[in-house]
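Asker: This is the structure I want to talk about, given as structure tokens.
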Amino acid sequence: MLKKTQSLKLDKDFKKVFRFSSPRYLKLLKIRSIQTFEQIRIGIIVSKNISNKAVVRNRYRRQIKAILRDLLDNHDLGKKKLDVVITVYKKPDFKTSFQDFSNDLIQWQKTLS
């Protein structure tokens, strides 16, 4: 799980990212980020358009958090000073969703370097 200090929680923080950033579209994810003076903070959005079942939406959210945990610990992503909002905007294949999310997040992380 991400640390509490690494997650975007407040509505005003989400609105700030949406207002001052442009989206980067990947295969399944839409990622918005802005520079900050604090450590990296991440918010994840999985809407009901993806699935009406909360179990499925939470599964996708947990998968993305697991990948981000690895990227934050083992790569230089944890040293960045960003506010990031990750939105799942396309319904992934249920069996290959973890690999697809992983590919998207690694591709995004490479563009930051």
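The values are calculated or read from the model by the stated rules, or taken from the named source; none is laboratory data. Predicted model, so just to flag it, every value in this text is computed and none were measured. Neighbour counts are summed over all protein chains in view; Cβ atoms, including those assigned to glycine, are modelled from backbone coordinates with ideal geometry.
Asker: List, please: which pairs have Cβ atoms under 7 Å, are six or more places apart or on different chains, and start with a residue in segment 1-28 that is at positive phi and without any contact (Cβ under 8 Å) to a residue 12 or more places away in the chain and end with one that is among the β-branched types (Val, Ile, Thr) and surrounded by fewer than 16 Cβ atoms within 10 Å (Cβ to Cβ)?
Answerer: Matching pairs, first to second residue: none at all.
Asker: Provide a single number: the residues in segment 4-48 that are in a loop (DSSP other than H, G, I, E, B) and over 15 Å from ARG61 (Cα atoms).
Answerer: The total comes to 11.
Asker: Of everything in segment 1-44 that's loosely packed, with under 11 Cβ neighbours inside 10 Å and acidic (Asp, Glu), which residue is nearest to TRP108 (Cα to Cα)?
Answerer: Residue satisfying both the conditions and the ranking: GLU38.
Asker: Starting from residues that are of a type in the set (Val, Ile, Thr) and over 12 Å from ILE42 (Cα atoms), keep the ones in segment 67-89 and report whichever is modelled with the lowest pLDDT.
Answerer: ILE67
Asker: Given the conditions (1) crowded, with 18+ Cβ neighbours inside 10 Å; (2) β-branched (Val, Ile, Thr); (3) farther than 22 Å from SER21 by Cα, report the number of the one that VAL55 does not fulfil.
Answerer: Condition not satisfied by VAL55: (1).
Asker: Would you say SER47 is farther than 14 Å from ASP83 by Cα, among the hydroxyl-bearing types (Ser, Thr, Tyr) and surrounded by fewer than 17 Cβ atoms within 10 Å (Cβ to Cβ)?
Answerer: Here the answer is yes, as SER47 does meet what is asked.
Asker: Now, a different point. Just one of the numbered conditions (1) at pLDDT 90 or above; (2) closer than 23 Å to LYS15 by Cα is not true of PHE37; which one?
Answerer: Condition not satisfied by PHE37: (1).
Asker: Could you grab me the full set of residues in segment 30-73 that are farther than 20 Å from THR5 by Cβ, out of contact with any strand residue (DSSP E or B) (no Cβ under 6 Å at 6 or more places or on another chain) and not β-branched (Val, Ile, Thr)?
Answerer: Of everything in segment 30-73, those that are farther than 20 Å from THR5 by Cβ, out of contact with any strand residue (DSSP E or B) (no Cβ under 6 Å at 6 or more places or on another chain) and not β-branched (Val, Ile, Thr) turn out to be SER47, LYS48, ASN49, SER51, ASN52, LYS53, ALA54, ASN58, ARG59, GLN63.
Asker: Something else now. I need the full set of residues from segment 49-106 which are in contact (Cβ under 8 Å) with a residue 60 or more places away in the chain, assigned to a helix (DSSP H, G or I) and of a type in the set (Phe, Trp, Tyr), in order please.
Answerer: PHE101
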